[in-house]
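*Asks:* Sharing a structure below in structure tokens format, with a few things to ask.
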Amino acid sequence: MLAVGPVALFAILGIISEHLTIKEPESVSQARAVAMRIEFVVDMTRSAQTPEQKATILAAAARAGLQAEEVSATGLRGAEPPDDIGSFRSEIENNLSPAIDVKLRPQSATSNLEQELIVGIDRDYALSFALPSAVPDSRITDREISDLLATMAMFVPVILLSLYGGRMIALPLQRFSQAARDLDPDKGPERPFDEIGPPEVRTLAKSLNDMRSRVRAMIEARTRMLRAISHDLRTPLTRLRLRAERSGEPPLRAALLADIDALTLMVEETLVYLRKDISKENQLRADLPSLIVTACNDFADMGHSVTYRGPDRFAYPCKPHALKRAVANLIDNGTKFARHVNVELHVKPDRAVSISVTDDGPGIPPEFRADVLEPFYKLDSARNDGGFGLGLSIVQDIVQSHFGTLTLENAAPHGLIVEIKLPSPDLINAAS
């Protein structure tokens with residue numbers, strides 16, 4: 001825009017100024033040209049020495065489109081009749097030199113010319129010129145066409161060069177945007193951004209590649225740390241369990257084993273959350289109702305009141321184990337605080353899906369709905385439920401990996417509605 005804008009403004013102002021200028025009609029220009037040719041023929045005839053030279057001059061003028069014949073000079077005498085020939089012919093007379101004796105005459109009986117302009121040569125004879133018809137004044141003059149072509153010759157190359165320059169800058173940025181969307185620190189080339197183009201673009205590409213390398217190094221360091229924690233914590237927990245089981249006091253043994261189980265569960269949940277296994281699962285076309293029914297049956301077999309409503313069959317591209325885990329986490333949270341949990345599956349016309357998990361528990365206050373999605377956050381009412389505050393965080397990560405959204409709303413008169421909205425398969429394929 002900075003390149004094209006000034007040129008466009010200059011061209012527009014030039015066109016406006018041309019239109020504001022009073023232009024000469026084409027008929028006036030034609031009358032001036034005819035007058036100049038008449039004066040030239042008159043001067044040449046006056047300088048001729050013989051009748052043959054005069055005849056040659058008149059023949060040449062006829063071939064040039066200006067017919068003339070020699071007449072008596074008596075036609076120059078007397079008053080000039082009213083101008084009934086038209087303003088064009090009057091304009092021709094006005095453009096002739098004042099030194100030329102000229103009269104406009106209608107057709108005479110002795111002349112073959114329809115409209116006569118009699119110009120005196122000497123005292124005895126004159127030349128009678130046939131006046132051409134005036135060309136109609138067009139709405140677009142040759143000058144305007146010339147100005148338009150000149151403007152296009154200046155304007156079009158600038159536009160093309162600006163578009164080319166803009167593409168040279170925008171194309172690498174588009175590639176960067178696509179590479180950033182598809183960037184996976186654990187997969188792909190070491191330096192996914194092409195370090196080509198202008199110096200600024202190359203510098204940006206190098207910075208992004210260096211950042212990706214640092215992120216990958218941080219992930220690898222975190223993975224090594226998790227493996228060390230997994231090994232170092234599980235070994236002492238196993239020894240504690242063996243020692244607690246050899247305890248001779250049943251109440252103390254039961255309390256120790258319960259604490260060890262809780263600690264083991266917390267460690268396992270933390271490690272699973274930090275590993276982000278959901279990102280490594282491949283996407284498959286799975287029967288979504290079967291996944292949800294299986295998760296509902298697992299809790300129903302443990303004595304919880306869980307029901308399913310929705311279609312019996314519907315194939316949907318997803319990460320089956322991750323999505324089943326998300327539904328199971330929501331059902332698990334519902335069974336901890338409510339007597340009944342209802343799971344519903346809705347399929348929209350564009351094949352987008354909505355999975356809602358509704359319970360009849362106390363619900364979540366609106367001011368805490370964003371907080372409960374954060375890792376390790378627990379409401380005061382959930383401090384003693386045995387969890388570690390990772391259930392909804394894991395669900396949020398799984399839903400985002402499917403390009404969906406997670407919403408929490410309180411049900412009426414009480415309870416909580418957690419809804420998972422997943423896009424249509426076409427949008428998922430396009431994003432993938």
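*Asks:* Just want the ordering: Asp259, Asp287, from fewest to most Cβ atoms lying within 10 Å of their own Cβ.
*Replies:* Least to most surrounded, the residues fall as Asp259, Asp287.
*Asks:* Can you give the extra length, in nm with one decimal, that the chain gains between Asp312 and Asp101 once fully stretched, where that is 0.36 nm per residue apart less the Cα-Cα distance?
*Replies:* Here the answer is 65.0 nm.
*Asks:* Distance in nm between label sites at Leu240 and Arg214, each 7 Å beyond Cα in the beta-carbon direction?
*Replies:* 3.8
*Asks:* Give me Arg243, Arg212, Arg123, Arg175 sorted ascending by neighbouring Cβ count inside 10 Å, so fewest comes first.
*Replies:* Placing the least packed residue first, the sequence is Arg123, Arg243, Arg175, Arg212.
*Asks:* Among Tyr125, Tyr164, what is the fewest-to-most ranking by other Cβ atoms within 10 Å?
*Replies:* The order, fewest Cβ neighbours first, is Tyr164, Tyr125.
*Asks:* Quick check on the stretch 283-431: of the DSSP beta bridges with both residues there, what percent are antiparallel, nearest 5%?
*Replies:* Around 85 percent of the beta bridges assigned by DSSP in the stretch 283-431 are antiparallel ones.
We did not get these values from a lab; they are worked out from the coordinates using the rules stated. It should be emphasised that the depicted structure is a prediction, and the values quoted were computed from it without experimental measurement. Cβ sites come from the backbone with ideal geometry, for glycine too, and all protein chains shown count toward neighbours.
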